[in-house]
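J.: What follows is a single structure, and I will ask about it in a moment.
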Amino acid sequence: MPIKAVLFDMFDTLMLIEKNHEFYSPSLMRMYKYLNKKGIDVSFDTFEKAYIKARDQLYAKADANFEEPHFNVRVSETLKSLGYNYDVSIPIVASATAEFCEEFMTYVRIDENAEAVLRSLHGKYKLGIISNFAIPECVHKLLKNHGLDKLFDVIVISGAVNKRKPSPEIFKSTLKALGVSASETVFVGDTVDADIEGAKAVGMKAVYIERRAQKEAENVRPDQTIKSLSELSLALERF
């Protein structure tokens with residue numbers, strides 16, 4: 001059956017997170033400084049501990065069903081634990097999330113081959129993104145900043161739908177939105193469990209882009225493995 005759609009993971013597939021993912025502490029500090037200016041009168045150490053506890057508690061509940069609460073939820077829960085009754089709908093919560101995002105984006109660069117590859121595939125296939133990330137607005141902003149947003153027929157971010165890979169639901173809902181079957185679709189990603197095993201479990205073909213050594217890769221069976229996005233067009237022609 002001919003391939004009609006190609007879906008991509010976002011981070012470390014199309015865009016690379018630099019400096020060994022060292023964005024977290026400075027991003028958290030930037031968010032804290034914003035909140036501190038808005039009247040959240042606690043030390044950074046106290047804030048950081050409350051944030052980590054709130055984040056870990058959320059994921060302890062969410063992991064069983066591959067859920068992905070929006071980042072705003074962890075900000076709200078952090079503030080509530082510190083005695084500030086700010087619901088997720090309060091503008092200060094969304095603004096704090098935006099501050100985290102702005103710092104995070106300084107650690108992200110587009111893969112050197114991504115734009116050329118996407119433009120070469122655009123029009124030949126339906127294109128989409130399925131990304132695990134708690135701040136969907138951040139993903140959309142990065143794509144827009146690099147002029148890539150218009151190349152995709154669908155962009156599904158886990159934080160927007162409260163489901164993350166390898167949940168079958170996030171793959172199936174994306175296929176439905178594109179109007180294609182799993183057997184007509186190739187997924188391209190860099191993680192074994194979320195991307196390759198998740199895609200293959202719903203019947204998609206999978207191309208593994210080998211960014212770094214993963215112990216799980218010893219047992220995974222992608223349909224094809226590439227080391228660079230520049231190899232993708234040729235890989236797709238083999239299907």
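The values are calculated or read from the model by the stated rules, or taken from the named source; none is laboratory data. These figures come from a predicted structure and were not determined experimentally. Reconstructed Cβ throughout: ideal geometry from the backbone, glycine too, with neighbour counts over all protein chains shown.
J.: I'm trying to understand the selection: among the residues of segment 206-224, which are of a type in the set (Val, Ile, Thr) and at pLDDT below 95?
T.: Let us first name the residues in segment 206-224 that are of a type in the set (Val, Ile, Thr), namely 207, 209, 220.
Matches in segment 206-224: VAL220 only.
J.: Is at least one residue of segment 111-132 more than 22 Å from the chain's Cα centre (by Cα) and touching a residue at least 12 places away in the same chain (Cβ under 8 Å)? Reasoning before the result, please.
T.: So in segment 111-132, the residues more than 22 Å from the chain's Cα centre (by Cα) come out as 120, 123-124.
Still in the list and also touching a residue at least 12 places away in the same chain (Cβ under 8 Å): 120.
Yes - at least one qualifying residue is present in segment 111-132.
J.: Could I ask something else about it? Among (1) of a type in the set (A, V, I, L, M); (2) free of Cβ contacts under 8 Å to residues at least 60 places away in the same chain; (3) assigned by TED's automatic domain parsing to the domain that holds GLY159, which single condition is ALA54 missing?
T.: The single condition ALA54 does not satisfy is (3).
J.: Could you list all residues from segment 144-174 that are surrounded by fewer than 21 Cβ atoms within 10 Å (Cβ to Cβ), touching a strand residue (DSSP E or B) at 6+ places or on another chain (Cβ under 8 Å) and within 18 Å of PHE11 (Cα to Cα)?
T.: HIS146, ASP149, LEU151, PHE152, VAL154 - these are the residues of segment 144-174 that are surrounded by fewer than 21 Cβ atoms within 10 Å (Cβ to Cβ), touching a strand residue (DSSP E or B) at 6+ places or on another chain (Cβ under 8 Å) and within 18 Å of PHE11 (Cα to Cα).
J.: Among the listed residues PHE47, PHE71, PHE66, identify the single one that is crowded, with 19+ Cβ neighbours inside 10 Å and in contact with a Pro (Cβ under 7 Å, 6 or more places away or on another chain).
T.: Answer to the check: PHE66.
J.: If ALA60 meets every condition in (1) out of contact with any Lys or Arg (no Cβ under 9 Å at 6 or more places or on another chain); (2) crowded, with 16+ Cβ neighbours inside 10 Å; (3) among the hydrophobic types (A, V, I, L, M, F, W, C) apart from one, which number is that one?
T.: So ALA60 meets the others, but not (2).
J.: In segment 182-211, how many are without any contact (Cβ under 8 Å) to a residue 40 or more places away in the chain and either among the small types (Gly, Ala, Ser) or touching a Ser or Thr at 6+ places or on another chain (Cβ under 8 Å) (or both)? Give the derivation first.
T.: Initial filter on segment 182-211 (without any contact (Cβ under 8 Å) to a residue 40 or more places away in the chain): 182, 192-193, 196-198, 200-203, 206-208, 210.
Checking which are either among the small types (Gly, Ala, Ser) or touching a Ser or Thr at 6+ places or on another chain (Cβ under 8 Å) (or both) leaves us with 182, 198, 201, 203, 206-208, 210.
Residues in segment 182-211 being without any contact (Cβ under 8 Å) to a residue 40 or more places away in the chain and either among the small types (Gly, Ala, Ser) or touching a Ser or Thr at 6+ places or on another chain (Cβ under 8 Å) (or both): 8 in total.
J.: Exactly one of (1) part of a helix (DSSP H, G or I); (2) surrounded by fewer than 18 Cβ atoms within 10 Å (Cβ to Cβ) is unmet by GLY39. Its number?
T.: So GLY39 meets the others, but not (1).
J.: How many residues are in contact (Cβ under 8 Å) with a residue 40 or more places away in the chain, among the acidic types (Asp, Glu) and surrounded by fewer than 17 Cβ atoms within 10 Å (Cβ to Cβ) if we restrict to segment 85-110?
T.: 1
J.: Residues of segment 13-44 being modelled with pLDDT under 95 and among the charged types (D, E, K, R), which ones?
T.: Residues satisfying the conditions are GLU18, LYS19, GLU22.
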